[in-house]
Amino acid sequence: TAQAWARDLVRTYGTGDAQVRALDGVSVEFARGRMTAIMGPSGSGKSTLMHCMAGLDRPTSGTVVVDGTEISSMSQRELTRLRRTRVGFVFQAYNLVPTLTAAENITLPLDIARTPVDRAWFDEVVAAVGLAGRLGHRPAAMSGGEQQRVACARALVSRPAVVFADEPTGNLDSRTSREVLTFLRRSVDDLGQTVVMVTHDPRAAAYAHRVLMLADGRVTADLDHPTHREIL
Ligand code: ADP
Ligand code: ADP
């Protein structure tokens, strides 16, 4: 069954002649234990789709279901809780708190939601992301790749239904990109997580099981294990 799905999503901005249809009727399912890359030209609706799926934005019409719960009808308060506990985020900018250690940054969303940390899972995530010796370091003492791996661990620590990653390698050199992508993929293959990633980089998309192409607010292709040629 799908970890998250959407039906007939429309998201418009503005009114009248200036109206933009960022999403123009998108229906999509994200299956458990799969990594999906969303690709498409700038302005095609990738971020809007991800934000609607993750409860960061509300569609103008249509249905979004995450982890069996319809989030399109949730209150702001319920959405905030969903974002802290049921959904994980990895952004292009790592958004770590400079005064906290890696370990404190990783557990921050759960601490804010006053949700206990599952120590066995925490250890598994930290080991998978290769941060075991670095937990006491603050962001300033870590490389960009390490900081992004802390951000990945933070996204996973609640064992979320879905991890959403928005251009997670956008700021990283190619070696560090490969580390982060390898980890995101391993979180799917070894830890059973579900990952949805927006990227414009075909080399990043190649790590996904599936590539969804958007153009003008619509899905134009849905490819399983695409070849390099298909995503260029
Ligand atoms: P992508 O992530 O593929 O670059 P976006 O989802 O950011 O695309 O944007 C889709 C369309 O919606 C674009 O035309 C963009 O200009 C428009 N858009 C996105 N956010 C806003 C906003 N807050 N206000 C007005 N227009 C927006
Ligand atoms: P070069 O410097 O040889 O042009 P890079 O260092 O950019 O190549 O990349 C080396 C290898 O890593 C290539 O096979 C490339 O496909 C892969 N690669 C580079 N950047 C990324 C990325 N952002 N995501 C995934 N794979 C990448």
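The values are calculated or read from the model by the stated rules, or taken from the named source; none is laboratory data. Small disclaimer: the values here were computed from a predicted structure and weren't measured. All Cβ positions, even for glycine, are placed from backbone atoms using ideal geometry, and neighbour counts span all protein chains on display. Heads up: the accessible areas ignore ligands, DNA and RNA and are worked out on the full protein's heavy atoms, side chains in. Shrake-Rupley method; radii C 1.70, N 1.55, O 1.52, S 1.80 Å.
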- Item | Residue in the stretch 47-62 that is modelled with pLDDT of 90 or more, in contact with a helix residue (DSSP H, G or I) (Cβ under 6 Å, 6 or more places away or on another chain) and either aliphatic (A, V, I, L, M) or within 16 Å of ligand 2 (Cβ to nearest atom) (or both) present | no
- Note on the structure: The lone condition Arg114 fails out of (1) within 25 Å of Leu191 (Cα to Cα); (2) open to solvent by less than 80 Å² (accessible area, probe 1.4 Å); (3) over 20 Å from the mean Cα position of the chain (by Cα) is (2)
- Item | Residues of the stretch 26-41 satisfying the condition of being open to solvent by 40 Å² or more (accessible area, probe 1.4 Å) and within 16 Å of ligand 1 (Cβ to nearest atom) | Pro41
- If Leu96 passes every condition in (1) open to solvent by 40 Å² or more (accessible area, probe 1.4 Å); (2) of a type in the set (A, V, I, L, M, F, W, C); (3) assigned to a loop (DSSP other than H, G, I, E, B) but one, which one does it miss? (1)
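Restricting attention to the stretch 181-196, report how many residues are hydrophobic (A, V, I, L, M, F, W, C) and either farther than 16 Å from Ala31 by Cα or in contact with a Leu (Cβ under 7 Å, 6 or more places away or on another chain) (or both).
Residues meeting the conditions: 3.
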- Query: Taking the stated definitions as given, is His228 within 16 Å of ligand 2 (Cβ to nearest atom) and either over 19 Å from Met35 (Cα atoms) or under 17 Å from the mean Cα position of the chain (by Cα) (or both)?
  - Reply: no
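Name the single residue that is modelled with the lowest pLDDT among those in the stretch 170-183 being under 17 Å from the mean Cα position of the chain (by Cα) and open to solvent by 10 Å² or more (accessible area, probe 1.4 Å).
Going through the qualifying residues, I end up with Asn171.
Going through the stretch 32-63 one residue at a time, which ones are among the small types (Gly, Ala, Ser), outside any loop (DSSP other than H, G, I, E, B) and within 12 Å of the chain's Cα centre (by Cα)?
Passing the criteria: Ala37, Ser47.
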- Filter the stretch 188-198 down to residues that are surrounded by fewer than 24 Cβ atoms within 10 Å (Cβ to Cβ), at negative phi and modelled with pLDDT under 95, then give me how many there are. 4
- Query: Can you spot a residue in the stretch 164-180 that is farther than 24 Å from Ala31 by Cα and within 16 Å of ligand 1 (Cβ to nearest atom)?
  - Reply: yes
- Query: Of the residues in the stretch 42-56, how many are open to solvent by 30 Å² or more (accessible area, probe 1.4 Å) and either touching a strand residue (DSSP E or B) at 6+ places or on another chain (Cβ under 7 Å) or more than 23 Å from His200 (Cβ to Cβ) (or both)?
  - Reply: 1
- Message: For the list (1) open to solvent by 10 Å² or more (accessible area, probe 1.4 Å); (2) away from ligand 1 (no atom under 16 Å from the Cβ); (3) of a type outside the set (S, T, N, Q); (4) under 24 Å from Ala153 (Cβ atoms), I need the number of the one condition that Asp201 fails.
- Response: (2)
- Note on the structure: Exactly one of Arg154, Arg185 is within 16 Å of ligand 2 (Cβ to nearest atom) and touching a residue at least 60 places away in the same chain (Cβ under 8 Å), and that one is Arg185
- May I ask you to verify whether Arg83 is surrounded by 15 or more Cβ atoms within 10 Å (Cβ to Cβ) and in a helix (DSSP H, G or I)? yes
